[in-house]
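Below is one structure, written out as structure tokens, with a few remarks after it.
The values are calculated or read from the model by the stated rules, or taken from the named source; none is laboratory data. The structure presented is a predicted model; accordingly, all values stated were derived computationally and were not measured. Please note: Cβ atoms are built from the backbone with ideal geometry, for glycine as well, and neighbour counts cover all protein chains shown. Accessible surface areas use protein heavy atoms only, side chains included; no ligands, DNA or RNA. Shrake-Rupley method; radii C 1.70, N 1.55, O 1.52, S 1.80 Å.
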Amino acid sequence: MKPVKVGICGLGTVGGGTFNVLKRNAEEIARRAGRGIEVAQIAARRPNPKCETGSTPITADIFDVANNPEIDVVIELIGGYTLAHELVLKAIENGKHVVTANKALIAVHGNEIFAKAREKGVIVAFEAAVAGGIPVIKAIREGLAANRINWLAGIINGTGNFILTEMREKGRAFADVLKEAQALGYAEADPTFDVEGIDAAHKLTILASIAFGIPLQFDKAYTEGITKLTTADVNYAEALGYRIKHLGVARRTDKGIELRVHPTLIPADRLIANVNGVMNAVMVNGDAAGSTLFYGAGAGMEPTASSVVADLVDVVRVLTTDPENRVPHLAFQPDALSDHPILPIDACESAYYLRIQAKDHPGVLAQVATILSERGINIESVMQMEVEEHDGLVPMILVTHRVLESRIIEAIAALEALDDVVGNVVRIRVEQLN
Ligand code: HSE
């Protein structure tokens, strides 16, 4: 059988890795796919020194690939929302299947892209968009298809996890570690996407859709970054038996779906709390399988290429099948997607870590306890530190039981209004993940 012809758009880190893996493992991949896979064209503005492209035709114009009648599958690895969007729509219009690693594109324009792909009977595959080399899309969409998924929680941004790991293990300051994370080459072109949780929210949006069978709704994801975390909170969390991770949480409740990215205290003995450095992990809780954990490299040249090529193999295997009988893009049949709403953050429920800077006066703890109890907030633990020499204040650290976010917001306003409380109360959500 003739080889399937693919065009790679973008020869950066992931594009170069994809070319190299396809070349190095060509025989093994053909044995799996049932046909050879040939890179028939590459669109790149400049060569990649880590990638020996030989006689493969190279164009500077990505649309040459989307319009090339020889190409069966377009691999979109240019990133971003704008050009990539046009490229993918053009490829679909021309009847080509698409493989992409672009989480932003899928999270923001996925509903439109999948609708167009269905009209044309083509596949848009996106395993590499979430958690790099971890096959978590396939695991949720196919491996856990029997389950009603209750929740998932993931460390899905390697840059942020590297920063938090360095802060905890070496006591380093945030800004200092960020510089090193950027030098490692993991960070997004705009590093605020990593540290403000936007990149993680893109990925969480995709995971939630395939877990719960809902349309992609990136605009409704709550996003809170890690820029305001201090080493003091990292250390207090540690003393209480927790680790702080930048977590994406998607949870199904009767009222709606929680979709939120924020720093989170996790009990230190959970496996996911021990995912360090640039590694990623996603925990998925289903009613039949219970909790499962998927761990691995969340980015990088060949880990991400591993997912791109796996998608390509899937596409090649089903090229001749009836489009109606393929695995649906969002795991659920498109006409069976649910309109269960995404909850605003104040309607979400969590436990909370609170750090209060108080004057060293009698009765402060009693006032704090009263404010919390009046709002039905149950305290799980309290830790009061010694007076700090530099400001004469006493740090009080409390962990609450689960409560509606709106109650905590109210309680914090009341705490901050106390004469004996100085400055803002630090609030970090706590998840037990059990
Ligand atoms: N900037 C991302 C990260 C790259 O740090 O995880 C992979 O999507």
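Averaging sequence separations of C-alpha pairs under 8 Å and six or more residues apart, then dividing by the length of the stretch 1-150, give the relative contact order as a whole percent.
20 percent
For a 21 Å ceiling on Cα separation, which of these pairs sit above it: Lys2/Lys96; Lys50/Lys203; Lys228/Lys359; Lys96/Lys220; Lys50/Lys96; Lys179/Lys245? Before the final figure, lay out the partial values.
Values: Lys2/Lys96 17 Å; Lys50/Lys203 27 Å; Lys228/Lys359 23 Å; Lys96/Lys220 31 Å; Lys50/Lys96 28 Å; Lys179/Lys245 19 Å.
Violating the 21 Å limit, Cα to Cα: Lys50/Lys203; Lys228/Lys359; Lys96/Lys220; Lys50/Lys96.
Determine how many Å³ per residue the convex hull of the Cα atoms of the stretch 348-430 encloses.
Taking only Cα atoms, the stretch 348-430 has a hull volume of 80 Å³ per residue.
Using the crude model of +1 on Lys and Arg Cβ and -1 on Asp and Glu Cβ, and no other charge, please compute the dipole size for the chain relative to its Cα centre, in debye to 20.
Its charge dipole is roughly 1320 debye.
Run the numbers for Ser406 and Ala268: contour at 0.36 nm per residue of separation, minus the present Cα-Cα distance, in nm. Write out the running numbers ahead of the final one.
On the way: separation 138, 0.36 × 138 = 49.68 nm, distance 2.71 nm.
Gain on extension, Ser406 to Ala268, equals 47.0 nm.
Taking θ = phi - 60°, what integer Hz values does the Karplus form 6.51 cos²θ - 1.76 cosθ + 1.60 yield along the stretch 71-88, in sequence order, with x for Gly and Pro?
Per residue, the Karplus-derived 3J(HN,Hα) values read 7, 8, 10, 9, 9, 8, 10, 8, x, x, 9, 8, 4, 4, 4, 4, 4, 5 Hz.
What is the local net charge at Asp72, summed over the other residues whose Cβ is closer than 12 Å to its Cβ (Lys, Arg +1; Asp, Glu -1)?
Result for the neighbourhood of Asp72: +2.
Can you give the helix-only mean residue ellipticity at 222 nm for the chain, where every DSSP H stretch with n ≥ 4 adds -39500 (n - 2.57) and the sum goes over all residues, rounded to the nearest 500 deg cm²/dmol?
The per-residue figure over the chain is -10000 deg cm²/dmol.
Quick one: pull the percent of accessible area on the stretch 348-430 belonging to carbon and sulfur, 1.4 Å probe, ligands and nucleic acids left out. Mind showing how you got there, number by number?
On the way: 1910 of 3910 Å².
Exposed carbon and sulfur together represent 49 percent of the surface.
Report, as a whole number in µm² per second, the diffusion coefficient that Stokes-Einstein gives for the chain at 25 °C and 0.890 mPa s using the Kirkwood radius over alpha carbon pairs.
106 µm²/s
If the chain between Ala189 and Gln384 were fully stretched, how many nm would it gain, using 0.36 nm times the residue separation less the Cα-Cα distance?
Computed gain between Ala189 and Gln384 is 66.0 nm.
How big is the C-alpha Rg of the stretch 136-297 next to the rule-of-thumb value 2.2 N^0.38 Å, as a ratio?
That works out to 1.01 for the stretch 136-297.
Put a dot 7 Å past each Cα toward the Cβ at Lys228 and Asp339; how far apart are the dots in nm?
Using points 7 Å along Cα→Cβ, the separation is 3.6 nm.
Give me the accessible area per residue for the chain, probe 1.4 Å, as a whole number in Å².
Heavy-atom accessible area per residue stands at 42 Å².
Of the residues Val403, Val282, Val308, which exhibits the maximal mean-square fluctuation in a Gaussian network model of the chain defined by a 10 Å Cα contact cut-off?
Judging by the Gaussian network model, the answer is Val403.
Pick from Ala153, Ala33, Ala310: which is most flexible by mean-square fluctuation in a GNM of the chain where alpha carbon atoms under 10 Å apart are linked?
Ala33
About its Cα centre, what dipole magnitude does the stretch 348-430 give when the only charges are +1 on Lys and Arg Cβ and -1 on Asp and Glu Cβ, stated in debye to the nearest 20? Please report the intermediate quantities before stating the final value.
On the way: 7 positive and 13 negative charges, 82 e Å.
For this selection, approximately 400 debye.
Compare the Cα positions of Pro362, Leu372, Tyr352 along the charge dipole of the stretch 345-395 (+1 at Cβ of Lys, Arg; -1 at Cβ of Asp, Glu; about the Cα centre) and return the one farthest towards the positive end.
Leu372
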